[in-house]
Amino acid sequence: MRIKCLIVSIAILIAVGIWQVRADQESGAKKDSDSDGAGLIKHGDYLVNEVAHCSHCHTAPDANGQPDRSRLLQGATLGIVPKKKTENWADKSPDITSSGLAGKWSEEEMVKFLTTGMNPDGEKPTPPMPVFHLNGRDARAVAHYLKSLPGAKRRGDSEKQGKDRE
């Protein structure tokens, strides 16, 4: 009787093992198809706009005080200040689209920033920007999404470029 129970137990374990391997292979195939495509950008969009709410600081407000979608993530003057005045506090948020930081930083630099909280210069973000510790897939999705946003040239940028040439 013991041998029969042992054999049945081993058979069940083998069956569960085979099922688990097949399930992992199928989910791995799905991850691979999403990793370089629209699914990755869609996941990044969700994380940036629905989870982290990056637009609250990185998008200028419209006349109603809501983020102006026509200037999505192109930087803004921050409407928050610390209770106690501090020297290390950002008054403005940067453009994080492809015309801003996402265009200047490589994907690896963005992933490092989003997973470790350290920018390419080895510094933490300036408050009120929080330090994020995303997993690699989520950080990569955010990087792809931000790099997919064209941003816009600002009038001040073209004027500055003209002055730089003089």
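The values are calculated or read from the model by the stated rules, or taken from the named source; none is laboratory data. Quick caveat, the model's predicted, so the values are computed rather than measured. Note that we place each Cβ from the backbone using ideal geometry, even for glycine, and neighbour counts take in every protein chain shown. Ligands, DNA and RNA are excluded from the accessible area calculation, which covers all protein heavy atoms including side chains. Shrake-Rupley method; radii C 1.70, N 1.55, O 1.52, S 1.80 Å.
Summary of computed values
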read-out: Distant-in-sequence amide H partners of residue 78 (H built 1.01 Å from N, under 5 Å); value: 92, 93
read-out: Where chymotrypsin sites (Phe, Trp or Tyr not before Pro) fall in DSSP loop in the range 39-109, at most 16 other Cβ within 10 Å; value: 89
read-out: Links that overshoot a 30 Å alpha carbon limit, given the list 42/92; 42/85; 124/147; 42/84; 42/83; value: 42/85; 42/84; 42/83
read-out: Carbon plus sulfur fraction of accessible area for the range 71-157, probe 1.4 Å, in percent; value: 53
read-out: Packing-based ranking, highest mean first, of 139-147, 7-15 given that Cβ atoms within 10 Å are counted; value: 139-147, 7-15
read-out: Karplus (6.51, -1.76, 1.60) ³J(HN,Hα), θ = phi - 60°, over the range 111-126, in Hz, Gly and Pro reported as x; value: 4, 4, 4, 7, 9, 10, x, 10, 6, x, 8, x, 10, 6, x, 6
read-out: Ranked packing of 124-133, 78-87, most packed first, by mean Cβ within 10 Å; value: 124-133, 78-87
read-out: Gain on full stretching of the segment that runs from residue 3 to residue 62 - 0.36 nm per residue minus C-alpha separation; value: 13.8 nm
read-out: Efficiency of FRET between residue 78 and residue 132 - r from beta-carbon atoms, R0 25 angstrom, step 0.05; value: 0.90
read-out: Shape call, the range 68-135: gyration tensor on alpha carbons, a/c limit 1.5; value: oblate
